[in-house]
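Working notes, beginning with the structure itself.
The values are calculated or read from the model by the stated rules, or taken from the named source; none is laboratory data. Keep in mind it's a predicted model, so treat the numbers as computed, not measured. All Cβ positions, even for glycine, are placed from backbone atoms using ideal geometry, and neighbour counts span all protein chains on display.
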Amino acid sequence: MKKCIFIFSFVFLFFIPNTFAQKEARLLRTPAIHGDKIIFSYAGDLYAVSSKGGMAQKLTTHNGYEVFPRFSPDGKYVAFTGQYDGNTEVFLIPAEGGVPKRLTYTATLSRDDIGDRMGPNNIVFGWTPDGNDIIFRSRKQTFNSFTGQLFLISKDGGLSREIPLSKGGFCSYSPDGKKLAFNWVFREFRTWKYYEGGMADDLRHFKDTVPPIPPFPDKSGKKY
């Protein structure tokens, strides 16, 4: 009888908590949606799942972290912030998964950790409405690690172009791509000392934010 009680107690203590744990997935972060497909970051990898629920499909397998995924307007691609080999940079993959394509190449910062209270460098915020460019926040040109600026990078790669704002945080384009609503400060990892005001950041807007693509000289010296 004692043996049966011991076996039952072992089964209850070991298997029952695991059963509940499997039903309660935690640390699901930075979700994005396109149509009926949701993509999110979990335990440093990207997953996709139907908005109706079901089994999530793992899209990335790299040992580094992948966070802040954002669908392209047509839903064919996903831009995200990946931390591979130390740096956090902007990457691109097909929406069905695949080998990440690196788009940005920036210098290493002293504070560029995924869990840092001011967030990692090169955070992907979204796309331009035409689907040609990805907008991201970077600290590559700021004098400290607390503020960042907004940049655009083509989905095909190349040099990034600065949006003419002294600093910026979360943002969203108007459907015609001529206006940008944004927060002045990135607040995802905020911890302000001696701050006694509300936690809601001001919303601002800026017109004609999309700068023209600068001309790049080709091998013959001509510009295109």
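Out of PHE146, PHE206, PHE136, PHE182, report the one residue that is part of a strand (DSSP E or B) and either over 29 Å from SER110 (Cβ atoms) or at pLDDT below 85 (or both).
On the way: PHE146 fails: part of a strand (DSSP E or B); PHE136 fails: either over 29 Å from SER110 (Cβ atoms) or at pLDDT below 85 (or both); PHE182 fails: either over 29 Å from SER110 (Cβ atoms) or at pLDDT below 85 (or both).
Checking each option against the conditions leaves just PHE206.
Against the definition (over 27 Å from LEU180 (Cβ atoms), among the charged types (D, E, K, R) and surrounded by fewer than 20 Cβ atoms within 10 Å (Cβ to Cβ)), how does ASP74 come out, yes or no?
Working: over 27 Å from LEU180 (Cβ atoms): no; among the charged types (D, E, K, R): yes; surrounded by fewer than 20 Cβ atoms within 10 Å (Cβ to Cβ): yes.
It is false that ASP74 is over 27 Å from LEU180 (Cβ atoms), among the charged types (D, E, K, R) and surrounded by fewer than 20 Cβ atoms within 10 Å (Cβ to Cβ).
Is there a residue being in a loop (DSSP other than H, G, I, E, B) and in contact with an Asp or Glu (Cβ under 6 Å, 6 or more places away or on another chain) anywhere in the stretch 73-84?
The answer is no, given that none of the residues of the stretch 73-84 is in a loop (DSSP other than H, G, I, E, B) and in contact with an Asp or Glu (Cβ under 6 Å, 6 or more places away or on another chain).
Going through the stretch 78-101 one residue at a time, which ones are in contact (Cβ under 8 Å) with a residue 24 or more places away in the chain, under 16 Å from the mean Cα position of the chain (by Cα) and surrounded by fewer than 20 Cβ atoms within 10 Å (Cβ to Cβ)?
ASN87, ALA95, GLY97, LYS101
Which condition breaks for THR60 when tested against (1) of a type in the set (Ser, Thr, Tyr); (2) closer than 22 Å to GLY44 by Cβ; (3) without any contact (Cβ under 8 Å) to a residue 40 or more places away in the chain; (4) part of a loop (DSSP other than H, G, I, E, B)?
So the condition that THR60 fails would be (3).
Of the numbered conditions (1) of a type outside the set (A, V, I, L, M); (2) touching a residue at least 40 places away in the same chain (Cβ under 8 Å); (3) in a loop (DSSP other than H, G, I, E, B), GLY54 fails exactly one; give the number of that condition.
The failed condition is (2).
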